[in-house]
Amino acid sequence: MKILVTGGTGYIGSHTVIELLNLGFEVDIVDNLFNSKITVLDKIESITGKRPGFFELDLLNKSGLEKIFEASKYDLVVHFAGLKAVGESVEKPLTYYENNVTGTIYLLDCMKKYCVEKIVFSSSATVYGEQDASRLTEEMQTGIGITNPYGRTKFMIEEILKDVANSDANFSAIILRYFNPIGNHPSGLIGEDPNGIPNNLMPIIMRVAQGKSPELKVYGDDYPTPDGSGVRDYIHVVDLAKGHVAAINKMKPGVEIYNLGTGRGTSVFEMIKAFEKASGEKLPFVITERRAGDLAEIFADTTKAERELGWKAKLTVGDAMKDTIRFLYGK
Ligand code: NAD
Ligand code: WQD
């Protein structure tokens, strides 16, 4: 099976490409390297012994994208490419709508033209917006109370995929709603390496551990959670990557949606303790005001993914911390 992976040199994409190559899938990557580095290809090769095909191209370059589809017959697309910085999306909404939504429309157009009928799409728990419950299930209504344009691009793309499936009985889409991906490949060779200053907890912990930031700001200790800090569902990126393989193996016409998380919540204070335990070092932090738009507690209901995909996250936050430290310090 030949698979085109958009955004395949990025954090989640590169880990998924490793799983796909290890299982014998043929993989081509298309990425504009906006938030990733070309050297990831060497690392993928040294881990798997195989080098994926690579096209440096922006999805907004539609004629370039068509040439890629013209040159090879792909069986399926895994679509990671997108901008993901929540704060930046508030400042540059049009950039986010153009890159994420228009980029996806161009991709779907090429797929239609070249008769590629299967897509796996990287969505996010952010589409659930505000809910009354903390445990989120796929049937819950989405799109209400999303606090930023990034999140709305994910919601819009999900709706576009449903409309395309309604218009074409052969079209198959699996929408994967990721919770909070952390960790990296156990080799320590690849990991989350964003260009610019990150917003997410784990890359910020990494910066503090490296001395690039003086301390972690804990955004609030007065939430109605057991220790007062925010609770999220942190999933090891290798488990997440395996979730994509499970999805690929279950594709059928229509749209299916799955949460990819562990089903367990971990607080910010527990994350700090887990990092300290794995590294043997103290992580400096200060408690600050809550971050605008943050929810107290969310985690995935993973029943549907377990039942229908036969997939379950196996690795722990502790495993992710150990792998992160290996990526940071090579030990
Ligand atoms: P990433 O930034 O590491 O990877 C995305 C890749 O897409 C990058 O290599 C980037 O260069 C590429 N890209 C972006 N726009 C492009 C374009 N127009 N044309 C070609 N390439 C383009 O991000 P990631 O964490 O690996 O996320 C992958 C996907 O998963 C994204 O769609 C993201 O929104 C989604 N997601 C991520 C998280 C998370 O916390 N990391 C959570 C939920 C969903
Ligand atoms: C996790 C917890 C913070 C930073 C975001 C996006 C979402 C999705 C995942 C892509 C929260 C706390 C954080 C810090 C802190 N991405 N925190 N100090 O908010 O669950 O979701 O990333 O789709 O769209 O909104 O993840 O990593 O930013 O925060 O205390 O410096 O860590 O308050 O409780 P979040 P996060």
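Read-outs throughout are calculated quantities, based only on the coordinates presented, and are distinct from any laboratory measurement. Keep in mind it's a predicted model, so treat the numbers as computed, not measured. Neighbour counts run over all protein chains shown; Cβ positions are idealised from the backbone, glycine included.
A few remarks follow.
- Members of segment 242-278 found to be under 21 Å from T324 (Cα atoms), within 16 Å of ligand 2 (Cβ to nearest atom) and in a helix (DSSP H, G or I), listed by number: G243, V268, F269, E270, M271, I272, K273, A274, F275, E276
- Within segment 112-122, the set of residues being without any contact (Cβ under 8 Å) to a residue 60 or more places away in the chain and within 15 Å of ligand 1 (Cβ to nearest atom) comprises I119, F121.
- The set of residues in segment 171-200 being more than 10 Å from ligand 1 (Cβ to nearest atom) and either touching a strand residue (DSSP E or B) at 6+ places or on another chain (Cβ under 6 Å) or part of a helix (DSSP H, G or I) (or both) consists of S172, A173, I174, I175, G183.
- Pairs with Cβ under 6 Å, 6+ apart, first in segment 131-153 and exposed (fewer than 15 other Cβ atoms within 10 Å of the Cβ), second of a type in the set (F, W, Y) and not in a loop (DSSP other than H, G, I, E, B): none
- Lone unmet requirement of (1) polar (S, T, N, Q); (2) over 29 Å from F25 (Cα atoms); (3) within 15 Å of ligand 1 (Cβ to nearest atom) for N259: (2)
- Residues of segment 108-122 satisfying the condition of being touching a strand residue (DSSP E or B) at 6+ places or on another chain (Cβ under 6 Å) and under 16 Å from G82 (Cβ atoms): I119, V120, F121
- If the condition is being surrounded by fewer than 16 Cβ atoms within 10 Å (Cβ to Cβ), within 23 Å of P203 (Cα to Cα) and hydrophobic (A, V, I, L, M, F, W, C), then segment 17-42 contributes L33, F34, I38.
- Pairs with Cβ under 6 Å, 6+ apart, first in segment 9-22 and in contact (Cβ under 8 Å) with a residue 60 or more places away in the chain, second of a type in the set (S, T, Y) and outside any helix (DSSP H, G or I): G10/S36
- Listed by first and then second residue, the pairs with beta-carbon distance under 6 Å, at least 6 apart or on different chains, first residue in segment 222-251 and at positive phi, second outside any helix (DSSP H, G or I), are G228/D221; G228/D222.
Let's see how each residue does on (1) within 16 Å of ligand 2 (Cβ to nearest atom); (2) in a strand (DSSP E or B); (3) within 25 Å of S172 (Cβ to Cβ):
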{"residue": "N35", "(1), (2), (3)": "yes, no, no"}
{"residue": "K43", "(1), (2), (3)": "no, no, no"}
{"residue": "S63", "(1), (2), (3)": "no, no, no"}
{"residue": "K73", "(1), (2), (3)": "no, no, yes"}
